[in-house]
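The structure under discussion appears below in the form of structure tokens.
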Amino acid sequence: MYPPWTSVEDAVRLLQAGQVVAIPTETVYGLAGNTYNETALAKIFEAKERPTFDPLIVHIAEIDQLDDVAKDIPEAAYRLAQAYWPGPLTMILPKKDCIPDLATSGLPSVAVRFPSHPVARRIIKESGLPLAAPSANLFKHVSPTTALHVAEQLGDRIAGIVDGGPCQVGVESSIVSLTGNTPAILRPGAITPEMVKDILGEVIVKTSSSQPGKPMTAPGQCDTHYRPQVPLYYGEVPQGYALPKRTARIAFGNGAGPIPETVNLSKAGDMVEATANLYALMHELDNPDYDLILVDPIPNIGIGMALNDRLKRASIRQLP
Ligand code: TXA
Ligand code: MG
């Protein structure tokens with residue numbers, strides 16, 4: 001039962017002993033394990049009920065650690081790292097042989113991120129290990145942005161949870177692949193395509209979805225990722241449509257909606273604030289008091305692209 005939360009010292013000890021521990025990052029909480037320990041990796045997949053064709057992100061605590069896990073690192077990777085690490089950016093690079101196939105689902109590439117959260121940085125540094133960590137939620141569920149969210153989903157399955165407060169960014173990192181001819185965004189996040197282009201001069205945005213039987217090279221690409229239990233609808237509500245009585249509305253800004261707002265992502269219409277609040281509000285409204293969650297439209301620009309991406313995946317296709 002939680003709390004008490006796990007201390008940094010205990011987390012380091014548990015991770016070195018091959019256990020899995022949830023740790024805070026600035027994006028979402030991660031479920032961490034020793035990248036080099038296949039038993040620890042297996043525990044991550046088992047706790048999350050995550051299929052092993054969905055590869056993990058490896059977390060490091062300094063740029064110098066990049067060549068411990070990746071090889072043939074292009075100069076573009078170092079330029080991006082200088083600009084946006086530590087921070088909400090994951091890079092896909094050719095993997096070193098020391099990275100177990102289980103971490104990468106057999107792909108020849110590895111996802112690497114250097115998070116900025118001070119607690120994450122301390123845990124990675126003090127453990128002396130690159131830590132494999134997917135988001136600390138059950139597969140296909142909404143990612144946790146507080147320690148309590150983790151406890152609700154995984155509390156009785158893992159060795160510990162470190163509380164580092166609510167996540168400041170609130171959506172998963174941007175994923176940029178540097179394995180092709182042109183840098184490609186595989187998952188939108190707080191590091192926007194414009195920000196990548198500023199550094200590298202070019203970028204493409206890939207929004208492919210999963211193919212049965214193949215590793216997910218485009219991440220989080222199950223179309224039904226990030227779904228709450230209560231049906232969530234992100235889209236136009238036709239005029240005069242009879243919504244279920246127990247509908248909750250997640251508003252954005254001060255626009256009118258089909259029903260009065262239940263909660264608001266950002267009254268000021270600030271997209272950074274909205275991003276930080278989205279998952280917490282989804283968790284809050286995902287309870288038996290409601291039959292439907294409606295979300296106001298959010299402009300599909302900048303970090304709003306990350307919100308639109310997650311909300312489209314979370315959304316049912318048609319109103320009930
Ligand atoms: O912000 C984040 O990235 C959080 C925190 C904990 O760091 N982590 C996270 O991990 O969102 P996860 O497992 O929920 O999402 C990682 C995604 C997966 O969907 C996977 O498909 C993709 O990264 N991925 C991992 N390795 C890959 C690779 N070699 N090539 C392409 N995609 C990869
Ligand atoms: Mg995830």
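The values are calculated or read from the model by the stated rules, or taken from the named source; none is laboratory data. In this text, all values refer to a predicted model and were calculated from it rather than measured experimentally. So basically every Cβ, Gly included, is an ideal-geometry build from the backbone, and we count neighbours across all protein chains shown. Each accessible area value is taken on the protein alone, full model and side chains, heavy atoms only, with ligands, DNA and RNA left out. Shrake-Rupley method; radii C 1.70, N 1.55, O 1.52, S 1.80 Å.
Contact map, the stretch 232-253: first residue open to solvent by 30 Å² or more (accessible area, probe 1.4 Å), second residue among the basic types (K, R), Cβ cut-off under 7 Å, separation 6 or more or different chains; pairs are Y234/K312.
Only a single criterion out of (1) within 17 Å of S174 (Cα to Cα); (2) within 16 Å of ligand 2 (Cβ to nearest atom); (3) in a helix (DSSP H, G or I) is not satisfied by T27, namely (3).
Taking the stretch 25-45, which residues are of a type in the set (D, E, K, R) and touching a Pro at 6+ places or on another chain (Cβ under 9 Å)? Hits for the stretch 25-45 are E26, E38.
Please work out if L31 is over 18 Å from H149 (Cα atoms) and crowded, with 23+ Cβ neighbours inside 10 Å.
The answer is no for L31.
E26: surrounded by fewer than 24 Cβ atoms within 10 Å (Cβ to Cβ) and within 18 Å of the chain's Cα centre (by Cα), yes or no? Judged against the criteria, E26 is a match. Of all residues in the stretch 1-23, exactly one satisfies the criterion of being more than 16 Å from the chain's Cα centre (by Cα) and part of a strand (DSSP E or B), namely V21. I'm trying to understand the selection: among the residues of the stretch 126-167, which are over 26 Å from A70 (Cβ atoms), more than 15 Å from the chain's Cα centre (by Cα) and not in a helix (DSSP H, G or I)? If the condition is that a residue be over 26 Å from A70 (Cβ atoms), more than 15 Å from the chain's Cα centre (by Cα) and not in a helix (DSSP H, G or I), then G155, D156, R157, I158, A159, G160, I161, V162, D163, G164, G165 are the ones that fit.
Among all positions in the stretch 216-229, there is no residue which is more than 11 Å from ligand 1 (Cβ to nearest atom) and at pLDDT 95 or above.
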